[in-house]
Amino acid sequence: MRVFSLLLLLIGFSTQAACNFDVVFTTIPETKQQKVELSPDVQLLIAQRIAKQTLNGSVVATNVTCQYLKGKEYTNSESEWQAYLDNAIRGLGKSGVTELEVRIIGSEDKIYTGALASLEYQFEANFGGNQQIIKNLALLDMESNSLISFSVSGSQSEKEGVTDEFKRVISSFKLAD
């Protein structure tokens, strides 16, 4: 297993380290970065790592993303969390989902028990006959004004493997000192 730090240095924007945490992947992740202009004064800077592994012939994907909001502060409001969830659902719609079940995880069943504000949820989605389970966790790090999200997805037939990987990756998460 390999520990990868997700450190987004905003070169050209700032020298501040916005997304500074460690997480362990089981395979070498692919890295992507993106800048989204939300307004003339507000940008969303996104750093993403996606790792894939094969379990019993099925692909399980682990996606860890950090979104740094530059020019505006996250609020941790209910409406902000609802907008985040709505965006995730819209994204699945654009990906071709034909049926979707959304489940918010209650406090007694949550995997993440740390101090950061969080939203844990699960999608069961049908992509044209391909039944997928997608376990998700979003963490709000108010100190760095960053939203860190974890998503583990795979075939419904590998539900246990998806759950095990989700628990593993969440337990490996640690904010850097």
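Just a few scattered comments:
- Only Lys, Arg (+1) and Asp, Glu (-1) charged, at Cβ; the stretch 32-177 dipole about Cα centre in debye: 520 debye
- Average accessible surface area per residue within the stretch 47-177, 1.4 Å rolling probe, Å²: 50 Å²
- The chain: calculated mean residue ellipticity at 222 nm from DSSP helix runs of at least 4, using -39500 (n - 2.57): -6000 deg cm²/dmol
- Helix 78-94 and the longest principal axis of the Cα set of the chain meet at an angle near 50°.
- Of all accessible heavy-atom area on the chain, the percent that carbon and sulfur account for (1.4 Å): 48 percent
- Stretch gain in nm, segment Asp86-Met142, where the contour uses 0.36 nm per residue and the Cα spacing is subtracted: 18.1 nm
- Nonlocal amide H pairs with Ile105, under 5 Å, H built at 1.01 Å: Glu120, Tyr121, Gln122
- For q = 0.13, 0.14 Å⁻¹, Debye-computed log10 I/I(0) when each Cα of the chain counts as one equal scatterer: -0.66, -0.77
- Fully extending the segment from Ala61 to Gln156, taken as 0.36 nm per residue of separation minus the present Cα-Cα distance, adds 32.9 nm.
- Degrees between helix 159-172 axis and first principal axis of the chain (Cα, 0 to 90, nearest 10): 30 degrees
- Hits among lysines - C-alpha to C-alpha of Lys70 under 24 Å, sequence gap 8 or more where chains match: Lys32, Lys35, Lys174
- A simple spin-label model places pseudo-atoms 7 Å from Cα toward Cβ; at Leu100 and Gln131 they are separated by 2.0 nm.
- Potential lengthening between Thr54 and Ser79 on full extension [0.36 nm per residue; Cα-Cα distance subtracted]: 5.3 nm
The values are calculated or read from the model by the stated rules, or taken from the named source; none is laboratory data. From a predicted model like this one, the values you see are computed outputs, not experimental measurements. Note that we place each Cβ from the backbone using ideal geometry, even for glycine, and neighbour counts take in every protein chain shown. Side chains included, ligands, DNA and RNA excluded: accessible areas come from the protein's heavy atoms. Shrake-Rupley method; radii C 1.70, N 1.55, O 1.52, S 1.80 Å.
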